[in-house]
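J.: Dropping the structure in here first, questions after.
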Amino acid sequence: MRKQIQADLSNIADVLRKETLNYKELSESINEFQEIVSGIHSFRKDGEIESLHFDNGMALGTSYAAMCLKDCMRTKMFVKGIMEAIDTLASKSMGAIHILYAGTGPYATLLLPVLAKYSSERVKCSLLEVNASTFESMKAVIKECGFEDFVVEYIHADATQFEIDNPKSIDILVSETMQRALDSEQQVPIVMNLLPQLRSDAILIPEKIDVSAVQMRIDWMHATKTGDPFCKQLGSVIELSRNEIERMTAGLKHGEQIQFSSKVFTVSSASLKTHNELSLLTEIQIFDTTWLRTFDSGLTVPKGVYSFSDDTEKEFKFKMQYVVDGDPGVRIERQ
Ligand SMILES: C[S@@+](CC[C@H](N)C(=O)[O-])C[C@H]1O[C@@H](n2cnc3c(N)ncnc32)[C@H](O)[C@@H]1O
């Protein structure tokens, strides 16, 4: 049974890793992946859908976290990027590559097919999850798949506060605890807590998340079909990457919190005839050349934040700032 699950996950990993996209093949593989994991752990519908709320954002409940698997391009690109990162490190060193996966969800979705492609001498993982029922499900899935030999540690803890026991042993940090525009969930405080504990050459996945302000074209839907630019860039609002975190933490005193700087964007009324919707775009560099671009996934659909249809002023100024509080996100003020 375990051998069969591992063989099926290995085939799924091969499809997810492909450079070319055959959407039918991808969605069949994702369905098969879903059947394997839901066959191992099916949810009681009571009580398991509850999300957890903290003063720095929320953690999705078990059933919602399980559903992330079905975002086909998201799952494909993360699995592909993780395997590419492992292979990059494996080409430089003979030792085991240690992955810390923060926010595993109930199926350790982004690692499960990956583990089917490597030996437990080559890849190790520490699995960190805050939600108790999600954590129990994830352990059951790892066991049923026969992947326990890969696991260094199961950690039931809050990744925004957790102090890693042996941080220098970690080679890759993986976390997908986000929504579009880095809304609501805890990707930012998780990465800001864990990444600075690691070696400076440890790989962060996703490597970079960029949320930018844009003006969308009135006919943006048509433009995306013809390949024309569907928006006008105003500028970056927040970038979450190793470089940015190092830059922001450089001048901090002990115990001082990072504040994301505010940006002011100006929109001219002339441009509104063609581009009348202010939106936030999210682009995600998973690893190196593996990206989730706008519209690829639920994580990268544009978020409309202001419609100009009734306005007649000459120009508009907007101040935008990313804030980590009980409901993290980009705060927007019209000036
Ligand atoms: C969006 S789901 C994604 C699940 C899985 N990583 C995937 O990609 O399919 C995020 C998961 O991270 C967990 N999580 C969120 N915040 C967390 C935190 N502060 N510490 C540990 N786990 C967290 C949630 O409980 C949830 O299971």
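What follows is calculated from the coordinates using simple rules that are stated; it is not laboratory data. Note that the coordinates shown come from a computational prediction; the quantities given were computed from them, not determined experimentally. For neighbour counting, all protein chains shown are included, and Cβ atoms are generated from backbone atoms with ideal geometry for every residue, glycine included.
J.: Would you list, by chain and number, the lysines whose Cα falls below 16 Å from the Cα of Lys80, excluding same-chain residues fewer than 8 positions away?
T.: Lys18, Lys70, Lys117, Lys208
J.: Express in nm, to one decimal, how much length is gained between Met67 and Asp327 on full extension, taking 0.36 nm for each residue of separation and deducting their alpha carbon distance. Before the final figure, lay out the partial values.
T.: Details: separation 260, 0.36 × 260 = 93.60 nm, distance 2.13 nm.
Extra length available between Met67 and Asp327 comes to 91.5 nm.
J.: May I ask you to list the trypsin sites (Lys or Arg not before Pro) in segment 83-185 that are in a DSSP loop and have at most 15 other Cβ atoms within 10 Å of their Cβ?
T.: Details: sites: Lys92, Lys117, Arg122, Lys124, Lys139, Lys143, Lys168, Arg180; in loops: Lys92, Lys117, Arg122.
Sites meeting the loop and neighbour criteria: Lys92, Arg122.
J.: Which one of Leu299, Ser27, Ser269 is farthest out on the positive end of the charge dipole of the chain, using unit charges on Cβ (Lys, Arg +1; Asp, Glu -1) and the Cα centre as origin?
T.: Working it through, the farthest residue towards the positive pole turns out to be Ser269.
J.: Which residue, chosen from Gln4, Ile218, Ala132, occupies the Cα position most advanced towards the positive end of the dipole of the chain, where the dipole is computed from +1 (Lys, Arg) and -1 (Asp, Glu) charges on Cβ about the Cα centre?
T.: Of Gln4, Ile218, Ala132, it is Ile218.
J.: Chymotrypsin sites (Phe, Trp or Tyr not before Pro), restricted to segment 64-162: which are DSSP loop and have at most 11 other Cβ atoms within 10 Å? Let's see the in-between values first.
T.: Numbers: sites: Tyr64, Phe78, Tyr101, Tyr107, Tyr118, Phe135, Phe147, Phe150, Tyr154, Phe162; in loops: Tyr107, Tyr118, Phe147, Phe162.
Passing sites in segment 64-162 do not exist.
J.: Could you calculate the contour length gain from Ser120 to Thr224, that is, 0.36 nm times the residue separation minus the distance between their Cα atoms, to one decimal place in nm?
T.: On the way: separation 104, 0.36 × 104 = 37.44 nm, distance 4.35 nm.
Full-extension gain reported as 33.1 nm.
J.: Each label point is 7 Å from the Cα along the Cα-to-Cβ direction; what then is the distance between the points at Glu315 and His156, in nm?
T.: Taking the simple label geometry, Glu315 and His156 are separated by 5.7 nm.
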